[in-house]
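Let me begin by presenting the structure, written as structure tokens, before commenting on it.
The values are calculated or read from the model by the stated rules, or taken from the named source; none is laboratory data. Here the structure is a predicted model, which is why all the values come from computation and not from measurement. Neighbour counts run over all protein chains shown; Cβ positions are idealised from the backbone, glycine included.
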């Protein structure tokens, strides 16, 4: 994904912009959109066919941050569900 326009997901009632990510194969028993947080702060989001690993994220009004830096601010909790934007 290029920085513009990126991809969007809803984190609760607020949009979350995913500016860079990579897809990884692998089984997931989690429902699509479920976030898993590793011990090092990195994120993975379950998809129908593996995982999306976000590298750069941005909240409205905030600056784009590396996923680990993003998690140091107002983190997304393990097991949270991201939804499609309306």
Contact list, first residue from segment 52-71 and touching a residue at least 60 places away in the same chain (Cβ under 8 Å), second anywhere and assigned to a loop (DSSP other than H, G, I, E, B), beta-carbon distance below 8 Å, six or more apart or interchain, is 64/3
Restricting to segment 21-50, give me the number of residues that are outside any loop (DSSP other than H, G, I, E, B) and either over 17 Å from residue 8 (Cα atoms) or within 10 Å of the chain's Cα centre (by Cα) (or both). 11
Just name the residue that is nearest to residue 85 (Cα to Cα) out of those in segment 14-28 that are surrounded by fewer than 17 Cβ atoms within 10 Å (Cβ to Cβ) and modelled with pLDDT of 90 or more. 15
Check segment 66-83 and report whether any residue there is touching a helix residue (DSSP H, G or I) at 6+ places or on another chain (Cβ under 9 Å), closer than 15 Å to residue 9 by Cβ and either in a loop (DSSP other than H, G, I, E, B) or at pLDDT below 95 (or both). yes
